[in-house]
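Trainee: Before we start, here is the structure in question, set down as structure tokens.
The values are calculated or read from the model by the stated rules, or taken from the named source; none is laboratory data. Please read all numbers here as calculations on a predicted model, not as lab measurements. Reconstructed Cβ throughout: ideal geometry from the backbone, glycine too, with neighbour counts over all protein chains shown.
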There are 2 protein chains.
Amino acid sequence: MLKESAPTAPHECADCPIRHRAVCARCESDELELLDQIKYYRSFEAGQTLIWSGDPMDFVGSVVTGIASLTQTMEDGRTQMVGLLLPSDFVGRPGRDSAAYDVVATTNIVMCCFRKKPFEEMMVRTPHIAQRLLEMTLDELDAAREWMLVLGRKTAREKIASLIAIIARRDAALNMAGMRGPLTVDLPLTREAMADYLGLTLETVSRQVSALKKDGVIGLEGKRRVTIADFNRLLDEAGDDSDGGMLA
Amino acid sequence: MLKESAPTAPHECADCPIRHRAVCARCESDELELLDQIKYYRSFEAGQTLIWSGDPMDFVGSVVTGIASLTQTMEDGRTQMVGLLLPSDFVGRPGRDSAAYDVVATTNIVMCCFRKKPFEEMMVRTPHIAQRLLEMTLDELDAAREWMLVLGRKTAREKIASLIAIIARRDAALNMAGMRGPLTVDLPLTREAMADYLGLTLETVSRQVSALKKDGVIGLEGKRRVTIADFNRLLDEAGDDSDGGMLA
DNA sequence: TTGAAGCCTTGACCCAGATCAAAATACGAA
DNA sequence: TTCGTATTTTGATCTGGGTCAAGGCTTCAA
């Protein structure tokens, strides 16, 4: 929550990288100006906990760059990631005043924050914001439900393949890149974070990643960079309908 | 999708059992009248599939009485429940025209349906509806995230205890009943449905239910009725912070 | 260049829960 | 009352992934 570092690079909304996907996506320029008055940027370093579960929350905001994760921890230390926050994702819940989950920066991260109170007031007056937030929340709910299938019914190998496919898809959606032919994806998660995402141990993650590589489903450049020669092959390994839609 | 039976008992909104919890909860009486013009009731029998994943959806609606489940199925038949729809829960997604999941009636069920197109138009003009839907969707997202922890990190025994606790809580919330002392809950799910909810096999469910009974955590009246002598004991078995809030 | 701290991999072993099989119980319909 | 089907329980056995343990590989600081 403290110890912010990297200078908070202030943007103009006009050239904001998440302008057309974030909670402000549908706003007209006059609405954007109002938002501009209550927004501020904050930067955090990889590894920092931005928000502790149970803490009072006095802001909400969007991830501008970088990745963060939402996690839940049991008393005995078992942890489960319940959200993976990529650029344009929204953090916090209007109308709730304490955080329900830990939010941890996985990479260095820049957030566009709004003080909660003014944001809530603005939501009432600006239907475009509430509309977009509803749409984003419904998308998150769909993602959560896909994730439940992964957690409840897939094998370790399928889980790893699913995770890589999910990240590749979101990556492509953000970069507007096509999805044909071989593509390369940055997997910005440690083995432990992947394990927390998938309900596995880090050893099992390591073994299955190696196995997928040995079987030629993926290639590795270093530890974190994955190349996918044949996306449909990957979907097949993930146990997904391999015809299903290319983008989200 | 067809074969509706039990006479569609039409209600007045005024004495509708979910009036103050459903998507219409915040509507004023004039808004309710508008909704009334586009609503109709449908009844389904236990076991019927109301909606098939991929089917076109021309309506959305609320569960009035009974229980339904949202499930996802893989090609090889593995299935995972991804939503448990109790009275007042909303079915369907405005803006989407084909169903993403199978919806199956677990018990006999009555739904209050709205034709999708008019409902969407009304949502734009009636902020109370969109507001309430956002609130409900955020609640569902929270529930989905709690569920992810259950699926990813809990043992079979903890999963069963969690499921019973979740149903008891929702039950209490709906009936406005307090939660002190011994309480009795109807578990309206077959062992197989519980297994699909929890990512287990039905044999494991059966064994763990028996074990919880043997250990005095729960009592059984028949197969489906559960008595809970000490709710905190149950939460403890579920691996939850046993102090945490009583209601949702 | 040598440590030290983080990550990641690999191996050996074990166990919670899956699988396979059969029997017991419940419940309508005829 | 009896048969037929669906549901549940219980037992025996198997196995995927967890646990424990040991090294290896990077990176960065001294």
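Trainee: I'm told B:THR79 meets every condition in (1) in contact with a helix residue (DSSP H, G or I) (Cβ under 9 Å, 6 or more places away or on another chain); (2) crowded, with 22+ Cβ neighbours inside 10 Å; (3) β-branched (Val, Ile, Thr) except one. Can you identify the failing condition by its number?
Mentor: (2)
Trainee: Consider only pairs whose beta carbons are under 9 Å apart and that are at least six residues apart or on different chains; among these, list those whose first residue lies in the range B:133-153 and is more than 7 Å from chain A (Cβ to nearest Cβ) and whose second residue is among the aromatic types (Phe, Trp, Tyr) and not in a helix (DSSP H, G or I).
Mentor: B:MET136/B:PHE90
Trainee: Give the residues of the range A:193-216 that are within 20 Å of A:PRO182 (Cβ to Cβ) and in contact with a strand residue (DSSP E or B) (Cβ under 8 Å, 6 or more places away or on another chain), sorted by residue number.
Mentor: Correct list: A:VAL209, A:LYS213.
Trainee: Additional query: Which one of these is outside the structural domain of B:ARG169 (by TED's automatic domain parsing) and farther than 22 Å from A:LEU134 by Cβ: B:ALA100, B:ALA25, B:ALA105?
Mentor: Just one listed residue meets the conditions, B:ALA105.
Trainee: If B:ARG225 meets every condition in (1) at pLDDT below 95; (2) in contact with a helix residue (DSSP H, G or I) (Cβ under 9 Å, 6 or more places away or on another chain) apart from one, which number is that one?
Mentor: (2)
Trainee: Do we have A:ARG19 as within 14 Å of chain B (Cβ to nearest Cβ), surrounded by 15 or more Cβ atoms within 10 Å (Cβ to Cβ) and in contact with a helix residue (DSSP H, G or I) (Cβ under 7 Å, 6 or more places away or on another chain) here?
Mentor: So A:ARG19 does not fit the description; no.
Trainee: Being under 19 Å from A:THR106 (Cβ atoms) and within 13 Å of another protein chain (Cβ to nearest Cβ) is the filter here; which residues of the range A:40-75 pass it?
Mentor: The answer is A:SER53, A:SER69, A:LEU70, A:THR71, A:GLN72, A:THR73.
Trainee: Still on this structure, I have one more. Which residues, counting only those in the range B:173-221, are at pLDDT below 95 and either acidic (Asp, Glu) or near DNA strand C (Cβ under 10 Å from one of its atoms) (or both)?
Mentor: Within the range B:173-221, B:ASP186, B:GLU221 meet the criteria.
Trainee: I would also like to ask the following. State which residue is farthest from the chain's Cα centre (by Cα) when the search covers only the range B:102-126 and only residues that are within 11 Å of chain A (Cβ to nearest Cβ) and crowded, with 17+ Cβ neighbours inside 10 Å.
Mentor: B:THR126
Trainee: May I pose another question? Quick one: is A:ALA156 of a type in the set (Gly, Ala, Ser), within 14 Å of the chain's Cα centre (by Cα) and either away from DNA strand D (no atom under 16 Å from the Cβ) or under 30 Å from B:MET194 (Cβ atoms) (or both)?
Mentor: Judged against the criteria, A:ALA156 is not a match.
Trainee: Next up: Test A:VAL185 against the criterion of being closer than 23 Å to A:VAL63 by Cβ and touching a residue at least 40 places away in the same chain (Cβ under 8 Å), and give yes or no.
Mentor: The answer is yes for A:VAL185.
Trainee: I would also like to ask the following. Hey, can you tell me all the residues within the range A:197-214 that are within 11 Å of DNA strand D (Cβ to nearest atom) and part of a helix (DSSP H, G or I)?
Mentor: Of everything in the range A:197-214, those that are within 11 Å of DNA strand D (Cβ to nearest atom) and part of a helix (DSSP H, G or I) turn out to be A:LEU198, A:LEU202, A:GLU203, A:THR204, A:VAL205, A:SER206, A:ARG207, A:GLN208, A:ALA211.
Trainee: If you take the residues in the range B:178-217 that are under 18 Å from B:VAL104 (Cβ atoms) and touching a Gly at 6+ places or on another chain (Cβ under 9 Å), which one is surrounded by the fewest Cβ atoms within 10 Å (Cβ to Cβ)?
Mentor: Per the stated criteria, the residue is B:PRO188.
Trainee: While we're looking at this one, here's another question. Restricting to the range B:76-101, name every residue that is within 11 Å of chain A (Cβ to nearest Cβ) and under 27 Å from B:THR201 (Cα atoms).
Mentor: Correct list: B:ASP76, B:GLY77, B:ARG78, B:THR79, B:GLN80, B:MET81, B:VAL82, B:GLY83, B:ALA100, B:TYR101.
Trainee: Might you check whether a residue that is among the hydrophobic types (A, V, I, L, M, F, W, C) and modelled with pLDDT of 95 or more occurs anywhere in the range A:39-47?
Mentor: no
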